[in-house]
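Colleague: One structure, as structure tokens, below. Some questions next.
The values are calculated or read from the model by the stated rules, or taken from the named source; none is laboratory data. Being a predicted model, the structure only gives us computed values, none of them experimental. Glycine also receives a Cβ, built like all others from the backbone with ideal geometry; neighbour counts cover every protein chain displayed.
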Ligand SMILES: [Zn+2]
């Protein structure tokens, strides 16, 4: 009887927690609290994507995430643009364990935050799993370019026009091994690693476009924090 009463009241638990949350009488652990800043050290939860998304319209939550995680980040001054390519809420992108080459590209703060999560929870684990070595350097083709979406002379600006995207061309492991697109996009361990990196990136970026997407992306992964979700 008691058990049945307990089971029948279970659906009320989330409601009760929500009521306590709204009245600020109870908060879940920070990693599950949608109002707490993202801490890069916390294993990703169902709330992580929401925290990353919130940075787009509440820019202060992005710098707060770096502060909460004990990480230094270099904010850059805003730069208006009459060509539709303003730089706002940008920082110098710097990898945590893996350096970027070329170093220190400009990136929106949300892109930098997504990069932190991607490196920690997708890129480095994949490298260790496949090669027993960590990624030491990431080769990229740039973040900022004042242009439209690839192949369009009119219409929507690329996420690169606001430094909200990065094009990644390859990785150098700590043991010296190099992995490059498009050379290693195929069968074998290297191909499996690159596909795992692509799929892992989809957990933290909004759009991830690689060689499977189209010929324009055969030699790099395009990773962005724009409004259009895509993973291919
Ligand atoms: Zn791109």
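Colleague: Out of curiosity, is residue 128 over 17 Å from the mean Cα position of the chain (by Cα), without any contact (Cβ under 8 Å) to a residue 12 or more places away in the chain, under 19 Å from residue 96 (Cα atoms) and away from the ligand (no atom under 16 Å from the Cβ)?
Modeller: When the stated conditions are applied, residue 128 passes them.
Colleague: Quick one: how many residues across segment 147-163 are in contact with a helix residue (DSSP H, G or I) (Cβ under 8 Å, 6 or more places away or on another chain), in a loop (DSSP other than H, G, I, E, B) and at pLDDT below 95?
Modeller: Looking only at that region, the number is 3.
For (1) under 20 Å from residue 163 (Cβ atoms); (2) in a loop (DSSP other than H, G, I, E, B), each residue gets a yes or a no:
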| site | (1), (2) |
| --- | --- |
| 17 | no, no |
| 27 | no, yes |
| 39 | no, yes |
| 42 | no, yes |
| 45 | no, yes |
| 54 | yes, no |
| 63 | yes, no |
| 66 | yes, no |
| 71 | yes, yes |
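Colleague: Sticking with this one: Would you say residue 191 is farther than 30 Å from residue 75 by Cβ, without any contact (Cβ under 8 Å) to a residue 40 or more places away in the chain, more than 13 Å from the ligand (Cβ to nearest atom) and touching a strand residue (DSSP E or B) at 6+ places or on another chain (Cβ under 7 Å)?
Modeller: no
Colleague: Consider segment 194-232. How many of its residues are surrounded by fewer than 22 Cβ atoms within 10 Å (Cβ to Cβ), in a helix (DSSP H, G or I) and touching a strand residue (DSSP E or B) at 6+ places or on another chain (Cβ under 7 Å)?
Modeller: Residues in segment 194-232 being surrounded by fewer than 22 Cβ atoms within 10 Å (Cβ to Cβ), in a helix (DSSP H, G or I) and touching a strand residue (DSSP E or B) at 6+ places or on another chain (Cβ under 7 Å): 1 in total.
Colleague: For segment 77-94, how many residues meet the condition of being more than 24 Å from residue 156 (Cα to Cα) and outside any loop (DSSP other than H, G, I, E, B)?
Modeller: Number of matching residues: 1.
Colleague: Give segment 95-112 a look and list any residue that's assigned to a loop (DSSP other than H, G, I, E, B) and closer than 22 Å to residue 40 by Cα, or say none.
Modeller: Matches in segment 95-112: 95, 96, 97, 98, 103, 104, 105.
Colleague: Next question. Restricting to segment 143-179, give me the number of residues that are without any contact (Cβ under 8 Å) to a residue 24 or more places away in the chain and away from the ligand (no atom under 15 Å from the Cβ).
Modeller: Residues flagged as without any contact (Cβ under 8 Å) to a residue 24 or more places away in the chain and away from the ligand (no atom under 15 Å from the Cβ) within segment 143-179 amount to 6.
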